[in-house]
1. Determine the shape class of segment 413-470: with a ≥ b ≥ c the square roots of the Cα gyration tensor eigenvalues, call it rounded for a/c under 1.5, and otherwise prolate if a/b is greater than b/c, oblate otherwise.
2. Let me know the charge dipole size of segment 212-299 about its Cα centre in debye, to the nearest 20, where only the beta-carbon of Lys, Arg (+1) and Asp, Glu (-1) is charged.
3. Please state the charge dipole magnitude for segment 331-431, taken about the Cα centre, from unit charges on C-beta atoms (+1 on K and R, -1 on D and E), reported in debye and rounded to the nearest 20.
4. For a quick check: with amide H placed at 1.01 Å from N, whose amide H comes under 5 Å from residue 270's, ignoring anything fewer than 5 positions away on the same chain?
5. With charges only on Cβ, +1 for K and R and -1 for D and E, what is the dipole size of segment 148-224 about its Cα centre, in debye, rounded to 20?
6. Let me see the pair-distance distribution of segment 164-257: every alpha carbon pair, 5 Å bin width, integer percents in order.
7. Search the structure for amide H atoms under 5 Å from the amide H of residue 318, placed 1.01 Å from N in the peptide plane, and list their residues when 5 or more places away or on another chain.
8. Around residue 232, with a cut-off of 15 angstrom between Cβ atoms, what is the net charge of the other residues, counting Lys and Arg +1 and Asp and Glu -1?
Amino acid sequence: MEDSVNLSVAMAEDDMELDQTTSLLNHNVTFDSMEYTLATTLPANLSFSLSDAERLKLGKTHKGNSSVNLNVENNNNNSQSCMETSVDMEECSTLEDSERIINIEDTMDEGPSAESKITEPEESNCEHTVTQSLPTYFDKELVELGRRCWSSTAQKQHYTKGCYWSPDGTCLLVPVHMDGMHVMELPSDLYTASNVSEERDLSKLQSAVHVPEGGTVYDCAWYPLMSSQDPSTCFWLATRQHEPVHMWDAFDGHLRCSYSGYDEVDEVVAAISLAFSQDGQKIYAGYKRCLKIFDLSRPGRICDEYAVKFAISCMTQTSEHPHTVTCGNWKGYIQHFDLRCPPKQGPLFTLGGHSAGITQLRYANEAAGNWQLFSGARKCPKLLQWDMRNYKKPLHEFQRQVNTNQRIQFDLSADQSWLVSGDTDGAFNIWNLKSEDGKEAVKVPVHGDCCNGIGFHPTLPILASSSGQYHFISGDDHENTINTTALDIPDQEEEIEGKRVVNYENAVLLLWCGDSYV
């Protein structure tokens, strides 16, 4: 009985040693050191060492770091093998960067010239990848890259309502009044461009995705972690008149799901403003008397409500405090709420300074902290900069021309050094925040009508802008001219053959604001 047990144990040990040897010689093996002899785990007739030629080959592959190639040698002396193991381990401890894991496939010779061959890195596919280095802005004249115009009539006016870059910079979302929402892709030749020619042909900016449903679009918001290489993250949220919050797919424009808010009589009510949380897991929807918080993974009507006194017209959130949200309202106030506190406590503080309803809030993403808040309002010429650590009064006040109730967008460059805003005169207002006299704006006339949307590309020196507004026209003998992007339209109204013609523009422009050449 004991002999059979000993025999089975011996056979099991032999099989284990054979499996270890076969696995080592026929599969990939990784090591944590530069030289290592595996005499302790292998049979006595196997050991490993390195040659100078193999070290030279791996040195080129790993950019100057001494690397190891693996060679199998026969050794019949078990004690000598153990001695080699201890010596090699002492040498390994004195080498720098010996923690690199090396794959045995990297040490295989591919041919007679393998030692002198340097492996070149493969070029990445730039179809959906944008360069990450921060560009320089406004060093030279603006270069127009492309445009898109919408026709319009007095009975059915189509005008843009802002423009929104996707977080990865691959496409631009443009809501159009009575024409749904359009998604236009960035021209492919601009993905890796460091400069452009002033003679570059204009791109047509065709719609890659069009959601043709009518109605007034109140607000839009891209998913903050959106990446074109992951289709599941490519979507945006939109709230429109008499409808719940919809999630739209950015690839084919189909409706993914909806988030419904209900009022006191259990009727669907449209949200006024939208925003994502910093991690993208929560949806903040602003209503007339409450802030509804939806879980992104749970569509429907289930949500958390946070009661407020005024209608929330816009929202933003700082990365320093993910449990708080900054809201603007139609009364012209900016209120900062801590969502962990009960609604009866009210806002932590309230900021004034604007003469009408707040239309946009934006935090600056500075390296020192996410504390600088910019705010703009309708029919208010002031664009205010606040420091949320000392909010008694604004740090700076910038002047722009805003004569209508619509939202006039502003944006900050990727390096947080430039502030750009549109105005109702169709011009760009550009401020250099790093300059001592940065309060004075440089006005650049670009559009022939109200410039309501503007936005910097996340990584490239490209500036997108949109134009248009509603025109009040009385009578039936009025027509509109063809949309144009001319900068010198003399009059808004002209008499042509007894009929008054109204000149206005509904367009989207892409402008290069970086380095250019002739």
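1. It is oblate, given that a/c is not under 1.5 and a/b is not larger than b/c.
2. Computed about the Cα centre, the dipole is about 220 debye.
3. Using only the charged Cβ atoms, the result is roughly 520 debye.
4. Excluding prolines and chain starts, which carry no amide H, the hits are 242, 243.
5. Dipole magnitude for segment 148-224 comes out near 280 debye.
6. 3, 13, 24, 23, 16, 10, 7, 4, 1, 0
7. So residue 318 has HN proximity to 326.
8. So the environment of residue 232 carries a net charge of -3.
Read the figures in this text as sums done on the coordinates, not as results from a lab. What you see is a predicted model; the values in this text were computed from it and never measured. Glycine gets a Cβ as well: all are built from the backbone with ideal geometry, and neighbour counts include every protein chain shown.
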